[in-house]
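Enquirer: Sharing a structure, written as structure tokens. Questions coming.
Quick note: the coordinates plus some simple rules give every number you see, no bench work behind them. Since this is a predicted model, take the numbers as computed values, not measurements. FYI the Cβ positions are ideal-geometry reconstructions off the backbone, even for glycines, and counts take in every protein chain you see.
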Amino acid sequence: MSASARGLFHATGKRSKPVHTRDLLTGEIVVAPALARRAGEFYATPPEPSRALVAAELSRLRTFPAIWEPAAGDGAIARELESVGLPVIISDLVDRGCGAIVRDFYDFDKAPAAAILTNPPFDQCSWKGAEARWIYHALERLRVAYMALLLPWGWPGAAGLAHLWRRFPPARVYLMRWRVDFTGQGASPALNAWFVWDCTHRGAPALLMLDRADARQFDMFGGAR
């Protein structure tokens, strides 16, 4: 892959918009002109998206001898999987100190495990510039039996993806009903979802909802669920 796991909120635009965030010392709300970008475009995945998906998919995940995290970053997702007893194989293009196999995703001609769960580089999952290379590589070349990708909720509507959607429709789509903060500088206004491909699934994709399992979910929607 061309980059490690990325924060998905800024992948659809060239500039970040001004954001409101809270000063950790004073508690005051301050306005930042734009979110600071990080070296290598690396943004670790916060624990909540992984925990929510694992809670929903744990019985299926346990059917695999191991789960492959091929955009491991600093190991954030792998740690969540391991916390519930799932064996994990981790790899990444960049060594970020978590013991990952340092190898380009596209250099694998055989998957280390039949199941993938990751926050992939978004630019490799869109059509423009990459022709959804990540997804075709996983499902067409590596022929994994299961794959869960954390992507923007609006990803299926992107131009050029109609053929992919027809050929490889996901089994389940989990919309996360909260806005994920990938940077610690404020959550994106966009929603994200887990797209799950599962070789055992038959029929149309199922749309499901994931709630954050803490009190902040209630607050983010103004007291309404």
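Enquirer: Between the alpha-carbon centers of segment 168-207 and segment 47-76, tell me the distance in whole angstrom.
Expert: First find each Cα centre; the distance between them is then 13 Å.
Enquirer: Assuming 0.36 nm per residue, please report the length gained on full extension of the stretch His163 to Ala204 beyond their Cα-Cα distance.
Expert: 13.2 nm
Enquirer: Scan around Ile89 for amide H atoms under 5 Å from its own, H built in the peptide plane at 1.01 Å from N, and keep only partners 5 or more places away or cross-chain.
Expert: Ile67, Trp68, Glu69
Enquirer: If amide H atoms are built 1.01 Å from N in the plane of the peptide, which residues on other chains or at least 5 residues away come under 5 Å of the amide H of Ser126?
Expert: Those qualifying (amide H under 5 Å, at least 5 residues apart or on another chain) are Ala132.
Enquirer: What ranking of Thr183, Thr200 emerges when the number of other C-beta atoms within 10 Å of each C-beta is taken as an exposure proxy, fewest first? Walk me through the intermediate numbers first.
Expert: On the way: Thr183 21, Thr200 9.
By the 10 Å Cβ count, ascending, the order reads Thr200, Thr183.
Enquirer: So how far apart, in nm, are the two label points at Ile101 and Val84 if each is 7 Å from Cα heading toward Cβ?
Expert: It is 2.4 nm.
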